[in-house]
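Below you'll find the structure, written out as C-alpha cells, and then a few comments.
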Amino acid sequence: MTGDNARPIGVFDSGVGGLTVARALIDLMPGEPLVYIGDTARYPYGNKPAADVRRFARELAESLVRDHDVKMIVVACNTAASVALDELVRDMPVPVIGVVEPGARALVRVTHNERVGVIGTVGTIASGAYDRAVAATGARVTLTTAACPGFVEFVERDNTDGPEVTVLAERLLAPVRDAGVDALLLGCTHYPFLAPVIRRVMGDGVVLVSSASETAFAVRDELDRRHARATDNTADNTVDNTVDGTPARHKFMSSGDVEQFARLARRLLGPEVVSVEPWRLGATS
C-alpha cells in the first residue's frame with residue numbers, strides 16, 4: 001500500500017444522518033479509514049438559505065483536506081450535495097462524491113409501475129436536484145417529491161418512533177402516498193433511521209430506497225478507477241479489504257455536543273465509534 005492510498009476518506013453531514021453512508025462504506029471497504037464530521041452545531045441544513053449551506057459545506061470540505069489529508073470527500077448530506085456539490089467538485093483538490101445521483105439511479109431501477117417518489121428536506125426538494133438527477137437517468141418515470149421538515153430534528157433527538165413522529169409522517173407523506181408510488185427514495189441521510197415509521201405509513205407495497213449503499217459503491221468504483229484503495233486488491237470487489245487483518249480505525253467529530261453525538265452515533269453506527277472529538281472551524285487536528 002502506498003502512503004497516498006492509506007489516507008482516509010472524508011465524510012461530512014449536518015449531523016448523524018451521514019452515519020448511514022459511513023456504515024455502508026465500512027461494510028463495503030473495512031480497510032478504508034474514515035474521518036467523519038457531523039456539523040451538529042449548525043443542523044438542520046434543510047431550512048437554511050442555500051448560500052449558508054454552500055459556505056458550511058466548503059468549510060467542512062476544506063477542513064477535511066487541510067486538517068486530515070483525506071484522499072476523497074463524500075458529501076453525505078442531501079441538502080449540501082443538492083446546492084454545493086458542483087462547486088466542491090470544481091474547487092477541491094481531491095475527488096468529491098455526493099449522495100443525490102447514486103440515489104436517483106437506485107430509485108429508477110426498482111420501480112415497476114414507473115411512479116416514484118423522493119422525500120427530503122425543504123432545501124433539497126426546493127433545489128430541484130432530484131428532479132434533475134432522475135431526469136438524467138433517462139428512465140420514463142413520473143416523479144413526486146415532498147419536503148419533510150421536522151424529520152431531521154426527530155432523528156437528532158433520538159426520537160425515531162412513536163405517536164408524534166407517526167402523526168407528522170402521515171401528514172408529510174400524503175403527497176407521495178396519494179400519487180401511488182411503488183418506490184420511495186429517502187432523500188436525506190437521516191431518514192433511514194425513520195424507516196419503520198415511513199414503511200408503516202406508506203404500506204408494504206412501497207420499496208424504500210436509501211442512497212447509502214449506492215454511494216458506497218460509487219466511492220469504491222472511483223477509488224478503484226484511481227488505484228487509490230488502501231490495499232492492492234482493487235480488482236476483487238469481494239476482498240476482505242483490511243490491513244493485516246485489522247479493520248481500519250476511524251475518526252469521528254462533532255461541532256456540537258460531543259457526548260450527545262457519541263451516544264447517538266454508537267447506537268446508530270456501532271462499535272466503530274470509539275471516541276468523538278470536537279470539530280471547530282479553523283482548528284487543526
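General observations
- Residue match in the stretch 36-43 (condition: in the same structural domain as S254 (by TED's automatic domain parsing), surrounded by fewer than 21 Cβ atoms within 10 Å (Cβ to Cβ), of a type in the set (G, A, S) and assigned to a helix (DSSP H, G or I)): no
- Residues that are in a helix (DSSP H, G or I), of a type in the set (A, V, I, L, M) and under 19 Å from V167 (Cα atoms) are absent from the stretch 214-233 altogether.
- Qualifying residue in the stretch 113-125 (condition: part of a helix (DSSP H, G or I) and either polar (S, T, N, Q) or surrounded by fewer than 21 Cβ atoms within 10 Å (Cβ to Cβ) (or both)): yes
- Condition check for G10: part of a loop (DSSP other than H, G, I, E, B) and among the small types (G, A, S): no
- Selection over the stretch 95-112 of residues that are aliphatic (A, V, I, L, M) and in a loop (DSSP other than H, G, I, E, B) gives a count of 1.
- Per-region count, the stretch 142-164, residues surrounded by 20 or more Cβ atoms within 10 Å (Cβ to Cβ) and either in contact with a His (Cβ under 7 Å, 6 or more places away or on another chain) or among the β-branched types (V, I, T) (or both): 4
- Residues that are of a type outside the set (A, V, I, L, M, F, W, C) and modelled with pLDDT of 50 or more, drawn from the stretch 217-244: R220, D221, E222, D224, R225, R226, H227, R229, T231
- Scanning the stretch 264-274 for residues being farther than 19 Å from F12 by Cβ and either in contact (Cβ under 8 Å) with a residue 40 or more places away in the chain or touching a Pro at 6+ places or on another chain (Cβ under 9 Å) (or both) gives a total of 2.
The values are calculated or read from the model by the stated rules, or taken from the named source; none is laboratory data. Since the structure is predicted, the reported quantities are computational estimates derived from the model, not experimental observations. Virtual Cβ from ideal backbone geometry, glycine too; neighbours counted across all protein chains shown.
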